[in-house]
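In what follows, a structure is listed as structure tokens, so that the remarks can point back to it.
The values are calculated or read from the model by the stated rules, or taken from the named source; none is laboratory data. Bear in mind the structure is a predicted one, so any value in this text is a computation, not a measurement. Note that we place each Cβ from the backbone using ideal geometry, even for glycine, and neighbour counts take in every protein chain shown. Surface accessibility is based on the protein's heavy atoms, side chains included, excluding ligands, DNA and RNA. Shrake-Rupley method; radii C 1.70, N 1.55, O 1.52, S 1.80 Å.
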Amino acid sequence: MNCSISGEVPEEPVVSKKSGLLYEKRLIERHIADYGKCPVTGEPLTMEDIVPVKTGKIVKPRSLTAASIPGMLGMFQNEWDALMLSNFALEQQLHTARQELSHALYQHDAACRVIARLKKERDEARSLLAQAERQAPLPASAVTAVSNGKRASEEEDMGPGAKRMRPGVSDSIIAELTECNAALSQQRKKRQIPPTLAPIDALERYTQLSSHPLHKTNKPGITSIDINLLKDIVATGGIDSNAVLFGRTSGEILSTLSGHSKKVTSVKFVAHNDVFLSGSADKTVRIWQGSEDGNYNCRHILKDHTAEVQAVTVHATNNYFVTASLDATWCFYDLSSGLCLTQVEDPTNSMGYTSAAFHPDGLILGTGTIGSTVRIWDVKSRGNVANFDGHTGAVTAISFSENGYFLATAAHDGVKLWDLRKLKNFRSFELYDQDTPTNSVDFDHSGSYLAIAGSDIRVYQVGSVKAEWNCIKTLPDLSGTGRATCVKFGPDARYLAVGSMDRNLRVFGLPEEDASTES
């Protein structure tokens, strides 16, 4: 007699009054508790319908191997052999572990000796550098004036309220800016979309072409990107305090610019001049001059700000530039001399600027603040002529369209588009969740496309105030960090340069075979 559930001889047999089937008691009790019905017929069943069956005690026979002395000896021999094999395997594993531990300890000791030697060499180099700086004579431009046999103090350059005196923006400079504005405005009316611009169907097929580790591994992260459209050179600013110039066509690093003591927050090329600008969290801006051998030398170090420099933007004349800082001021500089002509304070903005950009015509400056406000300035009068509110969080990026009508701003809550003719917001993109800020926006040079970077990279076809702005391509952030920090269009939107919170510059575009077919 076998159990109807397990198919084995039951130890405590019971029988069902309804079906007459035999079960193991513990099995049928559990089944009735779970389902309340017969496992075979499916009829309702309770423990009152179960009747125990009394049987005699059965003594199970011994196994054949344990029924005789030779069988038991054979069983003991097999167990002994298995024990010896297991012990041998454990001894082998112990020996291997000891060798690995000895090797790891040797590597650790060697690494400690190398680190100690490098620290010693670093300290010696620092002491030699400090000694050389003390002994080196100051350049003539740096020597302060001498009056009555004593060195004149820096406070002599200070005006009322202990503010540094600035020469100001002269009438000749204002005339130059106005002339540039008139010329560019006239050209813009005649400008047509270049035939070499990448078409929409090409952007839809963009994929990652290459990835280049440009910055240090111990401080990964790219914070800013700019592209020299004439030479096709990509510049990146990193958390490792370096700016790197990368030749996209050659695929090689052209120059690594070191000198900042903290992360580089903004990088800008000066068109038609071999000049490069970098702003940093160390409160300084550096002007770099290229040489014939391809290297860049620091020509000026500008220390007019008292807090982190967050943005650098170059005027259309390529003779002037503006820096914006967390000290709630922006400075207007002469590029050739590195002189700050004017430093503009905003009494209504106590938290500082996080982004800045010139209008393509050059007479309007846009700045973004920590307080989520976008401020529009008249460069000639340095007056605040308009404010755009509506964002949440700091305004992380600003980009003017080349047509001169649209302004795109990015913040924690997404991207907003503004009509500069009517000074109002006409479209908003809330692309990511509330924990993911939008870090960068960029119009291409023709004003046909808009790129947005956050947890991914999205490219939109530029429409109008009433026409839709359609997303034509979404590219994933392949860094694994979930944060694309900056994006920039290449010449004719033929590729996208993307920086993230790892050390790699990524280039997205058409594969070579598709690009040759497209051309």
Per-peptide average of other Cβ atoms within 10 Å, ordering 236-243, 371-378, 452-459 highest first: 236-243, 452-459, 371-378
As a test question: what accessible area, to the nearest 10 Å², does residue 166 have when a 1.4 Å probe is rolled over all protein chains in place? 60
[x] 58; [y] 55; [z] 44: which one is percent of Cα pairs over 32 Å apart as calculated from this entry? [x]
Amide H of residue 505: which non-local residues (sequence gap of 5 or more, or other chain) have their own amide H closer than 5 Å, using H built in the peptide plane? 212, 214
Check: C-alpha center the range 292-345 vs C-alpha center the range 201-257, spacing in Å is 22
Can you work out the base-10 log of I(q)/I(0) for the range 391-434 at q = 0.15, 0.17, 0.24, 0.32 1/Å, using the Debye formula on its C-alpha atoms alone? -0.35, -0.44, -0.81, -1.16
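Tell me the per residue accessible area of the range 362-515 using a 1.4 Å probe; a whole number in Å² is fine. Working shown, then result.
Details: 5630 Å² over 154 residues.
That works out to 37 Å² for each residue.
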D (Stokes-Einstein, µm²/s), Kirkwood Cα radius, the range 13-57, 1.567 mPa s at 4 °C: 124
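How would you rank 252-261, 194-203, highest first, on the average number of other Cβ atoms within 10 Å across their residues?
Order by mean packing, descending: 252-261, 194-203.
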Subtracting the Cα-Cα distance of residue 106 and residue 85 from 0.36 nm times their residue separation yields 4.3 nm
What is the set of long-range amide H partners of residue 321 at a cut-off below 5 Å, with H atoms built 1.01 Å from backbone N? 315, 333, 335
Residue by residue through the range 472-488, which ³J(HN,Hα) values in whole Hz follow from phi under the Karplus form 6.51 cos²θ - 1.76 cosθ + 1.60 (θ = phi - 60°), with glycine and proline marked x? 9, 7, 10, 10, x, 7, 7, 6, x, 8, x, 9, 8, 8, 7, 9, 8
Summing -39500 (n - 2.57) over every DSSP H run of at least 4 in the chain, dividing by its residue total and rounding to the nearest 500, the 222 nm mean residue ellipticity is -7500 deg cm²/dmol
Cα atoms only: what Rg and Dmax, in Å, come out for the range 219-301? 11.6, 33
Mind ordering 1-11, 344-354 by average Cβ neighbours within 10 Å, highest first? 344-354, 1-11
In whole Hz, what ³J(HN,Hα) sequence does the range 208-218 give by Karplus (6.51, -1.76, 1.60; θ = phi - 60°), x for Gly and Pro? 5, 8, 7, 9, 10, x, 9, 10, 6, 6, 7
Between the range 431-497 and the range 86-108, what is the separation of their alpha carbon centroids in Å? 54
Through the Karplus equation 6.51 cos²θ - 1.76 cosθ + 1.60, θ set to phi - 60°, convert the phi angles of the range 322-335 into ³J(HN,Hα) values in whole Hz; use x for Gly and Pro. 10, 10, 10, 9, 6, 7, 6, 10, 10, 10, 9, 10, 8, 5
